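Before any comments, here is the structure.
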DNA sequence: AGCATCACCTGGCTGC
DNA sequence: TGCAGCCAGGTGATGC
């Protein structure tokens, strides 16, 4: 569930909490979080290193190390990073804590992930832009690089796939998931099941603008925290953008624009929420 | 190449 | 109340 705004909020937390800190000890407790390399290799590559930067690409967190390698973290559905300050009273480990990183200021970085889809790995293969080779398939990150309509046009034209499928395709745009895809489609009044290739140039321009607007607003609200899988930031605080959701999870409620009820569509195996009255 | 479908996983919800 | 069954979701693999 964490998408670009939530991951950006966590990144900002990491920038102030762990950049400049040295890693004293790494404990991998779950057997599924580290799967591209052995836990022993991850520990070897991290222990003794210092975090030099906290970056993000799409939904991936990138923690630069002082030897040039990068710790890559993906929260997937239910992953949560928590910063626990050093000192006397340290809270007990939450259930499903899969990775523990102890830092030289006594603090701990904890990775909690009930659904175990989240992933950690260290990449040593970094391109000129600082992006690990494993992430070279990612499309443009709209918050880092902007999203001009001219970028979207060739990626939508002649495509039969739905707008929602294309917006959540990380090779097209990096960072959008189910929640923000629905909110973006509502914002520009386009149905999420419209084939990508059916948009005219005016509609693509509206879509590109809506991507930027919705993501920027959500980042300002520190992301969305839903009741299921409550997302929290690095310090355990909730985001507030769920209060501004217009369609996601609001089936049968009146549309904030026209008052007609929001409907839930099935696009592939996933649901999509929209107002069939004012989204065309 | 592009598109659809499935597997992965657990907590929470629904209905019996 | 207890339990079975379903749903949610991102990504990568698989199949058409």
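Both radii were evaluated on the Cα set of segment A:1-78; the Rg over Rh quotient, with Rh as the Kirkwood radius, amounts to 0.95. The convex hull built on the alpha-carbon positions of segment A:179-280 has an orientation-averaged projected area of 7.0 nm². Normalising the average separation of contacting C-alpha pairs (under 8 angstrom, six or more residues apart) by the number of residues puts the relative contact order of chain A at 18 percent.
Think of it as helices only: each DSSP H run of n ≥ 4 in chain A is worth -39500 (n - 2.57), and spread over all residues that comes to -7000 deg cm²/dmol at 222 nm. Please express the Cα-Cα pair-distance distribution P(r) of segment A:16-150 as a list of whole percents, one per 10 Å bin, running from 0 to the bin with the greatest distance. That works out to 12, 42, 35, 10, 2, 0, in percent per bin.
Using a ≥ b ≥ c from the Cα gyration tensor of segment A:94-137 (square roots of the eigenvalues), is it rounded, prolate or oblate, where a/c under 1.5 gives rounded and otherwise the larger of a/b and b/c decides, a/b for prolate? The partial results should precede the final answer.
Numbers: a/c = 4.25, a/b = 1.56, b/c = 2.73.
Judged from the Cα gyration tensor, segment A:94-137 comes out oblate (a/c at least 1.5, b/c at or above a/b).
Overall shape: oblate for segment A:59-105, with the ratio a/c of the largest to smallest alpha carbon gyration tensor axis at 1.5 or above and b/c at least equal to a/b. The share of alpha-carbon pairs in segment A:220-275 lying farther apart than 19 Å comes to 41%.
Compared with the alpha-carbon gap, the fully stretched path from residue A:127 to residue A:269 is longer by 47.6 nm at 0.36 nm per residue. According to the Cα-based calculation, Rg over Rh for segment A:152-234 is 1.00, with Rh computed by the Kirkwood formula. Would you please give the FRET efficiency between residue A:171 and residue A:67, computed as 1/(1 + (r/R0)^6) with r the Cβ-Cβ distance and R0 = 22 Å, to the nearest 0.05? E between residue A:171 and residue A:67, to the nearest 0.05, is 0.15. Were the residues from residue A:198 through residue A:216 laid out at 0.36 nm apart, the gain over their Cα-Cα distance would be 3.8 nm.
Is segment A:106-246 best put as rounded, prolate or oblate by its Cα gyration tensor, with a ≥ b ≥ c the root eigenvalues, rounded for a/c under 1.5, and otherwise prolate when a/b is larger than b/c, oblate when not? Present the calculation step by step, with values, prior to reporting the outcome.
On the way: a/c = 2.10, a/b = 1.35, b/c = 1.55.
The shape class here is oblate.
What separates the Cα centres of segment A:1-49 and segment A:91-155 is a distance of 9 Å. Label 7 Å along Cα→Cβ of residue A:24; segment A:71-87 residues with amide nitrogen under 16 Å? Residues passing the 16 Å test: A:84-87. As a rough footprinting exposure proxy, the listed residues A:102, A:150 were ranked by other beta carbons within 10 Å of their own, and the order from fewest upward is A:150, A:102.
Given segment A:191-238 reduced to its alpha-carbon atoms as identical point scatterers, what log10 I(q)/I(0) does the Debye formula return at q = 0.19, 0.23, 0.31 Å⁻¹? Calculated log10 I(q)/I(0) at the listed q: -0.74, -0.84, -1.10.
For residue A:38 and residue A:253, a Förster radius of 41 Å and the Cβ-Cβ distance give a FRET efficiency of 0.25, rounded to the nearest 0.05.
Work the Kirkwood hydrodynamic radius out for chain A: mean of 1/r over every pair of different alpha-carbon atoms, inverted, in Å. Hydrodynamic radius (Kirkwood, Cα pairs) of chain A is 19.7 Å. Among beta bridges identified by DSSP and lying wholly in segment A:52-191, the antiparallel ones come to about 95 percent.
Each reported figure results from applying straightforward, stated rules to the coordinates on display, with no laboratory input. All figures in this text were calculated on a predicted structure; none of them were measured in a lab. As a convention, Cβ positions derive from the backbone with ideal geometry for all residues, glycine included, and neighbour counts pool all protein chains shown.
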